[in-house]
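Written out below as structure tokens is the structure these notes cover.
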Amino acid sequence: MRNSDKSNIVIALAGNPNSGKTTVFNELTGSHQHVGNWPGVTVEHKEGTVRRNGQSFRVIDLPGIYSLSTFSQEETIARDFLLNEPIDAIINIVDASNLERNLYLTTQLLELGLPVIVALNMIDVAEGMGQKLDLKKLARLMGVEIVPTVAAKGEGMVEILEAVLNVVERGYDPPRSARHNPEVELEISRLLDSISFTVDDDESVPARWLIIKTLEGDPEARKRLFVRSTNPDDTAARIEETRKHLEQGFGDEPETVIADGRYGFIGGLLREVVTRTPSVDRVAASDRIDDVLLHRWLGIPIFLVLMWLTFKLTFDVGGFFTEWIEVGVSALGAWLGSVLPAGPLSSLIVKGIIAGVGGVVVFVPNIAIIFLIISFLEDSGYMARAAFLMDRSMHLVGLHGKSFIPLLMGFGCNVPAIMAARTLETREDRLLTILINPLMSCTARLPIYILFTGIFFSQHGAMVIFSIYAMGVLLAVASGKIFRKLLFPKATSPFVMELPPYRMPTLRGTLLHVWERTSQFLSKAGTVILAASVVIWALGSLPWGVEFSGPNSLIGYLGRWMAPMVKPLGFDWRAAVALLFGFGAKEVVVSTLGVLYGGSHPSGDLHTALSASFSPLTAYVFMVISLIYVPCVATVATIKKETNSWSWTLFSVGYSLVLAYAMGYLVFRIGILLGLT
Amino acid sequence: MRRGHGAQEKGVALSHSMEDYLEAIYNVKIRNQVARVKDIAREMNVRMPSVTGALRSLADKGFVQYQPYETVELTQAGLNHARGIAHRHTAIREFLTGVLGLPQEEAEIEACGLEHAIRPETLDRLLKLVDFIRVHGEEDNAFRLSDFQSYLRNGSDPDGHVSPDVCYLPATIRSTRLSELCPGMKGRIAFVSGRGPIRRRLVEMGMTSDTQFEVLRTAPFGDPIEIKIRGYNLSLRKSEADHVEVEVID
């Protein structure tokens with residue numbers, strides 16, 4: 001749709017994945033950008049502003065797409081935006097070193113009737129390969145303005161804005177040249193002549209585009225076409241007749257015939273404008289690297305080593321910062337506690353708010369590091385290779401190759417791991433990966449296992465802990481398969497994916513990515529985590545004057561009320577309270593056990609107290625439940641943020657509770673049957 | 001008498017002449033992407049009404065989709081069956097000409113008769129034999145039956161000429177599914193079979209008829225595969241590559 005407000009020029013960036021679109025966006029808008037989600041979906045919406053010569057531009061970075069069909073959510077979003085929102089110009093970012101496939105989208109964008117400016121990006125790479133193009137001729141044949149750019153070096157950005165200004169001031173003459181094969185063109189113009197359109201035709205979208213897309217079987221275009229024609233029944237009949245005619249003539253679906261025609265047009269175009277074909281195959285160097293990185297035997301070991309390094313960096317180096325944050329937070333709490341007069345307010349600030357803020361900030365090092373690495377892997381091109389290597393194994397459990405990294409990171413912490421699921425393209429794959437992620441046992445759960453194995457299984461500690469981790473993985477695999485079958489039975493998750501040539505990521509792009517993720521976590525998930533911390537503080541401290549989380553506190557009452565529920569698992573109310581607190585953060589389970597059991601036992605010693613209240617069997621059941629039941633509030637908040645849906649979040653929480661209870665009960669009963677009490 | 005593999009699986013027996021029609025449709029489609037009644041008639045050297053009759057019968061059995069005056073589409077079952085017959089035909093013809101030294105035309109006729117009777121396992125060995133003899137013959141090595149038999153048993157060739165590798169496509173087979181090709185092979189896309197979103201995506205990514213490509217590699221467990229097409233690298237699962245009929249080129 002055309003924009004009529006000229007005080008703020010609106011530009012949409014469209015292009016294939018890996019065309020350098022995001023780099024162009026970052027170069028254009030710098031730090032003046034805002035990242036969010038498109039309404040109702042988890043596809044990223046990036047928008048920024050830029051000023052030049054007193055004119056302000058609003059730049060929207062559309063999702064990376066190969067075509068304007070409705071194959072994926074990304075395509076639907078990009079198409080709907082181009083159709084429905086006021087736009088002054090589309091900047092089509094085209095990878096100059098991969099023209100043939102990139103121009104396929106261009107042929108579709110040109111039909112929209114909106115001003116298109118082609119940014120021929122990575123022109124340096126193309127020239128480095130020895131490719132020579134007649135840009136003037138290309139511009140003339142396509143009927144658009146072409147700006148050569150090297151976004152990674154910031155070259156051509158000013159020219160893009162000037163080209164946009166030019167188009168806005170002087171107007172745009174949509175190209176007329178035929179882009180389909182003659183027979184299809186004939187059918188299109190025949191339809192254009194024979195369909196009568198309503199008088200109040202808004203012309204926001206050219207009728208020609210609607211006809212082409214309807215012939216291609218696009219439901220949205222079809223709807224619009226019928227709304228705009230005076231006799232929808234007649235239009236439907238004519239479209240059907242034409243589709244049939246094309247199908248008979250070409251022996252193929254019209255959409256394929258049209259796609260074929262577009263590639264034919266591009267082929268002809270390139271024969272005209274490429275004055276020297278590349279002497280160096282750009283992908284050749286990349287292919288040599290892949291001979292090693294995707295090697296039959298070495299590929300997966302190299303990948304696993306890289307993943308191990310990622311894991312170490314994220315959680316060891318991150319852990320270093322995390323410790324300092326914890327020290328800082330507790331020092332701040334201690335200081336405030338000594339300054340403020342003792343009472344409810346001091347307790348709220350120190351134990352509720354400060355602890356809550358600390359609980360949020362503590363995730364920042366992990367998130368920042370993991371996205372530093374993920375951003376590097378993605379921008380360099382390795383992420384697509386990782387998916388290629390792992391797809392076979394992951395596909396067996398109904399997942400996509402790209403699910404591996406988020407799942408692996410779950411062993412460190414589920415919060416950044418769930419955020420890492422963004423690298424998956426389809427909504428179904430993303431949801432599946434998020435839903436089973438909490439079953440990857442994060443490091444926060446380890447102290448619980450260590451405490452109990454230390455007391456009850458000192459002989460076979462490692463085996464017992466391993467069995468818990470393995471149970472998590474097996475449950476994840478089983479849940480993944482079940483969810484795929486029951487929740488997304490019809491969804492096809494194809495693996496038709498480009499392996500882009502390796503390239504060096506830009507520092508700016510990487511840092512911006514890290515900043516986006518971290519700030520999003522702080523603003524979206526952080527607030528929820530903080531609020532939950534305060535609620536948990538209140539449950540532990542009220543009514544005022546009781547021992548924190550003691551038997552007479554609200555949570556103590558809640559625990560005792562829950563006692564009948566946990567009795568079938570072999571627990572008493574204190575275990576229930578510890579698990580309730582574990583919702584705040586899994587680390588808290590151990591300290592709560594200390595207060596409840598250690599405090600109440602005459603010896604005051606936690607080990608003796610726990611040995612008195614638990615048997616090896618119930619201790620194991622407690623570990624199983626700690627593994628499965630609701631991940632911490634930070635994970636829940638992240639699930640909410642990443643799925644953008646309360647129902648999926650509640651589903652995740654409900655599923656984990658039911659599964660934990662069922663597994664706990666099962667283990668307990670089997671243990672009793674085996675005489676393990 | 002044993003019939004074609006696909007037909008046994010489906011429990012539908014096809015007469016020899018029906019199998020010939022399927023094979024002809026496949027050959028026409030590989031060449032032209034589209035099969036019309038007149039093309040099939042020319043391919044088989046029969047009159048158009050005979051083709052129409054055969055198509056109706058094949059449509060009833062679920063091997064083709066056919067409406068009068070329209071192009072002929074092979075169903076997935078029909079395509080698999082047709083490909084199988086075509087492979088048997090070429091294998092036998094190559095054996096008859098290359099090994100037994102029969103003249104081309106005679107071998108063609110013989111192959112048409114024999115192709116209906118051979119089982120997939122036998123076909124597989126025949127193809128390997130043709131390859132084995134060709135490779136060893138070129139090197140002017142003596143062909144020893146015992147070497148070939150040990151190759152069949154152990155999958156390893158004493159001279160290492162016929163690759164015992166995980167990926168093996170007999171040199172005789174020139175048109176097949178993309179998923180059957182081995183790394184290093186080049187080909188052209190004949191057509192993408194089936195209907196629906198996956199097919200459309202494949203076509204949009206540049207897999208249109210007559211486009212050339214090269215298979216670069218397979219992932220560690222043999223799936224997915226990576227090809228170079230239209231100047232870029234594309235990976236796809238074997239289940240997706242099953243939809244792409246290709247012709248091997250040297």
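The values are calculated or read from the model by the stated rules, or taken from the named source; none is laboratory data. What you are looking at is a predicted structure, and each value in this text was computed from that prediction instead of being measured. Note that each Cβ is placed from the backbone with ideal geometry, even for glycine, and that neighbours are counted across all protein chains shown.
Values as computed for the structure displayed
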| item | result |
| --- | --- |
| All positions within the range B:216-236 that are outside any strand (DSSP E or B) and either at the interface with chain A (Cβ under 7 Å from one of its Cβ atoms) or in contact with a Pro (Cβ under 7 Å, 6 or more places away or on another chain) (or both) | B:Ala219, B:Pro220, B:Phe221, B:Asp223, B:Pro224, B:Arg230, B:Gly231 |
| Residue within the range A:500-507 that is under 24 Å from A:Asn16 (Cβ atoms), in contact with a Ser or Thr (Cβ under 9 Å, 6 or more places away or on another chain), among the aliphatic types (A, V, I, L, M) and exposed (fewer than 15 other Cβ atoms within 10 Å of the Cβ) present | yes |
| The listed residue being on the phi < 0 side of the Ramachandran plot, in contact with a strand residue (DSSP E or B) (Cβ under 9 Å, 6 or more places away or on another chain) and within 14 Å of chain B (Cβ to nearest Cβ), out of A:Val35, A:Val94 | A:Val94 |
| Check on A:Phe321, farther than 30 Å from A:Glu127 by Cα, within 11 Å of chain B (Cβ to nearest Cβ), surrounded by 14 or more Cβ atoms within 10 Å (Cβ to Cβ) and at pLDDT 85 or above | no |
| Checking B:Tyr232 against (1) more than 20 Å from the chain's Cα centre (by Cα); (2) more than 14 Å from A:Leu499 (Cα to Cα), the condition it does not meet | (2) |
| Number of positions in the range A:257-316 that are polar (S, T, N, Q) and in a helix (DSSP H, G or I) | 3 |
| Test for A:Ser479: is it free of Cβ contacts under 8 Å to residues at least 60 places away in the same chain and either among the hydroxyl-bearing types (Ser, Thr, Tyr) or surrounded by fewer than 22 Cβ atoms within 10 Å (Cβ to Cβ) (or both) | no |
| Residue tally, condition under 18 Å from B:Arg83 (Cβ atoms) and at pLDDT 90 or above, over the range B:176-201 | 14 |
| Residues of the range B:32-44 that turn out to be in contact (Cβ under 8 Å) with a residue 24 or more places away in the chain and within 13 Å of chain A (Cβ to nearest Cβ), as a count | 6 |
| Test: A:Phe495 is buried (at least 19 other Cβ atoms within 10 Å of the Cβ) and either within 22 Å of the chain's Cα centre (by Cα) or within 14 Å of chain B (Cβ to nearest Cβ) (or both) | yes |
| Search result, residues across the range A:127-185 that are in a loop (DSSP other than H, G, I, E, B), of a type in the set (D, E, K, R) and more than 30 Å from A:Arg243 (Cα to Cα) | A:Asp134 |
| Yes/no for A:Val292 being within 30 Å of A:Ile353 (Cα to Cα) and exposed (fewer than 13 other Cβ atoms within 10 Å of the Cβ) | no |
| Filtered residues of the range B:184-208 (kept if without any contact (Cβ under 8 Å) to a residue 40 or more places away in the chain and within 11 Å of another protein chain (Cβ to nearest Cβ)) | B:Arg195, B:Gly196, B:Pro197, B:Arg200, B:Arg201, B:Val203, B:Glu204, B:Met205, B:Gly206, B:Met207, B:Thr208 |
| Among the residues listed as A:Arg101, A:Arg79, the single one being within 20 Å of A:Asp260 (Cα to Cα), within 26 Å of the chain's Cα centre (by Cα) and within 14 Å of another protein chain (Cβ to nearest Cβ) | A:Arg101 |
| Top-ranked residue in the range B:195-215 [being touching an Asp or Glu at 6+ places or on another chain (Cβ under 9 Å) and assigned to a loop (DSSP other than H, G, I, E, B); ranked as surrounded by the fewest Cβ atoms within 10 Å (Cβ to Cβ)] | B:Arg195 |
| Failed item, numbered, when A:Ile302 is tested on (1) within 30 Å of A:Glu187 (Cα to Cα); (2) within 14 Å of another protein chain (Cβ to nearest Cβ); (3) surrounded by 13 or more Cβ atoms within 10 Å (Cβ to Cβ) | (1) |
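Per-residue answers, yes or no, for (1) within 13 Å of chain B (Cβ to nearest Cβ); (2) over 30 Å from A:Ser189 (Cα atoms):
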residue: A:Arg238; (1), (2): no, no
residue: A:Glu247; (1), (2): yes, no
residue: A:Phe250; (1), (2): yes, no
residue: A:Ile258; (1), (2): yes, no
residue: A:Thr275; (1), (2): no, yes
residue: A:Asp287; (1), (2): yes, yes
residue: A:Leu298; (1), (2): yes, yes
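Yes or no, residue by residue, for (1) of a type in the set (S, T, N, Q); (2) closer than 22 Å to A:Ala417 by Cα:
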| residue | (1), (2) |
| --- | --- |
| A:Gly264 | no, no |
| A:Thr275 | yes, no |
| A:Asp291 | no, no |
| A:Leu309 | no, yes |
| A:Asp316 | no, yes |
| A:Leu332 | no, no |
| A:Leu336 | no, no |
| A:Pro341 | no, no |
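Residue by residue, here is whether (1) at pLDDT 90 or above; (2) part of a helix (DSSP H, G or I) holds:
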| position | (1), (2) |
| --- | --- |
| A:Val464 | yes, yes |
| A:Ser467 | yes, yes |
| A:Val477 | yes, yes |
| A:Ser493 | no, no |
| A:Arg508 | no, yes |
| A:Ser519 | no, yes |
| A:Ala531 | no, yes |
| A:Val534 | no, yes |
| A:Pro551 | no, no |
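To keep it simple, each residue is scored yes or no on (1) over 14 Å from the mean Cα position of the chain (by Cα); (2) closer than 24 Å to A:Val317 by Cβ; (3) within 14 Å of another protein chain (Cβ to nearest Cβ); (4) aliphatic (A, V, I, L, M).
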| position | (1), (2), (3), (4) |
| --- | --- |
| A:Gly359 | yes, yes, no, no |
| A:Met390 | yes, no, yes, yes |
| A:Ser393 | yes, no, yes, no |
| A:His400 | no, no, yes, no |
| A:Phe404 | no, yes, yes, no |
| A:Phe411 | yes, yes, no, no |
| A:Leu424 | no, no, no, yes |
